[in-house]
Every structure is written in C-alpha cells, then in structure tokens.
Amino acid sequence: MKRKLVIVGDSNVGKTSLMTVIGEGRYPVQVIYNGATKTVKVNGYRVLLDLWDPGADGPAPLAEINAGFRRICYDECAIIVVCFSIDDPTSFRNVREYWQPEILHFCAAGFTVPILLVGCKSDTRDAQVAQEEYTTNRRETISTERGRSLAEEIRATAYLECSAKAGIGVAEVVLTAARIASSWNPEAT
C-alpha cells in the first residue's frame with residue numbers, strides 16, 4: 001500500500017533533517033532534500049510512505065510563488081506532518097496561525113486528512129536546561145504539555161517529539177505516521 005506523506009513547517013525547524021533521516025537513515029551533513037520513500041510494516045502489511053515537502057517555509061512570498069506546486073503536494077495525501085521546533089516559539093505559533101489555514105486552503109480534503117503534529121529538536125530542551133546553569137541567555141522551549149494542547153486545538157490525530165540529530169523519537173514518528181496513513185480512508189470522511 002502506497003501512502004503520500006506531506007511535511008510542512010517553518011524554516012529551520014528540522015523537517016528536512018527529519019525527512020532525510022527517515023528516507024536515508026542518516027543525519028544530513030548538508031541539508032538538501034531530494035525526496036524519499038520509506039517502507040514500514042504495519043499490522044503485517046508493508047506501507048510505502050512517499051515523502052513530500054511543498055517547499056515553502058512559512059509566512060513569506062515564497063508560499064505564494066509555489067502555490068501551484070503546493071496544491072499538487074497536498075493532492076491525495078494520506079497524512080500531513082506539521083512540524084515546529086521545540087526551541088522556537090514563533091514556529092509553534094505559526095502552526096495555528098499559518099499552517100492550519102494553509103492546509104485548509106491547499107488540501108482539498110481539508111481537516112479530514114489526518115494531521116500528525118511533531119515537535120522537532122527535542123534534544124534542545126535538555127540542552128537549554130543544562131545551559132541554564134551557566135547563562136541567563138536561555139531561549140523559551142515549548143513543553144510537551146503545550147504541544148499536546150496545540151495538537152488538540154488543531155485536531156491532530158497525535159503529537160510526538162523527536163530529534164533527527166540525536167536519533168530520538170524518529171522511529172516512532174515514522175511508525176505512527178504509517179499507522180495513521182494506512183488506516184485513513186478518504187471515502188469514509
């Protein structure tokens with residue numbers, strides 16, 4: 001079974017690194033995404049995830065320039081992975097203020113397509129706590145509770161956290177996305 005996965009989020013939140021780790025099994029030295037697929041076993045079935053990145057990185061003119069391509073990216077997707085960076089409150093706010101409206105605008109199925117909300121760069125939360133002992137220049141990090149609350153607000157099917165760089169939680173993101181995508185039936189909505 002082949003399922004299309006679309007990943008969106010602001011620039012520098014870790015989505016391209018996450019997709020590279022999923023598709024190639026390694027953290028990228030240089031972040032360039034060329035597309036990928038990943039086969040995952042779910043309930044004894046092989047699910048081929050076709051990974052798509054619409055290419056715009058948030059509220060910017062680029063989003064308007066790529067509108068035609070973005071519509072194609074969302075077409076017939078079985079799951080949308082919305083990413084924010086745990087150490088970037090602006091990217092967290094943009095999930096609600098930019099990405100949720102974009103999904104409604106470009107995705108014909110709107111909110112019937114399942115959404116997986118992913119807090120990327122989870123390793124930065126621990127790094128911030130450790131840094132707090134040595135400096136007062138600590139950036140605000142998003143708590144797991146706030147992530148879960150936002151997931152409920154945008155009607156995401158699930159909320160997960162991961163670090164592509166540290167290899168933490170990536171397998172859970174892939175398996176959860178495959179489970180959700182393989183069980184979604186667009187005719188039932």
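Scanning the stretch 32-57 for residues that are over 20 Å from residue 91 (Cβ atoms) and outside any strand (DSSP E or B), we see that the one that is modelled with the highest pLDDT is 44. Screening residue 60 against (1) modelled with pLDDT of 75 or more; (2) surrounded by fewer than 14 Cβ atoms within 10 Å (Cβ to Cβ); (3) of a type in the set (A, V, I, L, M, F, W, C) leaves a single unmet condition, (1).
Tell me, please, whether a residue that is in contact with a helix residue (DSSP H, G or I) (Cβ under 6 Å, 6 or more places away or on another chain), without any contact (Cβ under 8 Å) to a residue 60 or more places away in the chain and surrounded by fewer than 21 Cβ atoms within 10 Å (Cβ to Cβ) can be found in the stretch 162-170. Within the stretch 162-170, one or more residues are in contact with a helix residue (DSSP H, G or I) (Cβ under 6 Å, 6 or more places away or on another chain), without any contact (Cβ under 8 Å) to a residue 60 or more places away in the chain and surrounded by fewer than 21 Cβ atoms within 10 Å (Cβ to Cβ). Quick check on the stretch 167-176. Is at least one of its residues modelled with pLDDT of 85 or more, closer than 16 Å to residue 9 by Cα, of a type outside the set (Asp, Glu) and part of a helix (DSSP H, G or I)? Yes, the stretch 167-176 contains at least one residue that is modelled with pLDDT of 85 or more, closer than 16 Å to residue 9 by Cα, of a type outside the set (Asp, Glu) and part of a helix (DSSP H, G or I). Being over 16 Å from the mean Cα position of the chain (by Cα) and either buried (at least 24 other Cβ atoms within 10 Å of the Cβ) or closer than 25 Å to residue 47 by Cα (or both), is that true of even one residue in the stretch 75-90? Yes, there is a match, as at least one residue in the stretch 75-90 is over 16 Å from the mean Cα position of the chain (by Cα) and either buried (at least 24 other Cβ atoms within 10 Å of the Cβ) or closer than 25 Å to residue 47 by Cα (or both).
Evaluating residue 133 against the criteria (1) exposed (fewer than 14 other Cβ atoms within 10 Å of the Cβ); (2) at pLDDT below 85; (3) under 22 Å from residue 52 (Cα atoms) leaves one unmet condition, (3).
The values are calculated or read from the model by the stated rules, or taken from the named source; none is laboratory data. Note that this is a predicted model, so its numbers are computed, not measured. Neighbour counts run over all protein chains shown; Cβ positions are idealised from the backbone, glycine included.
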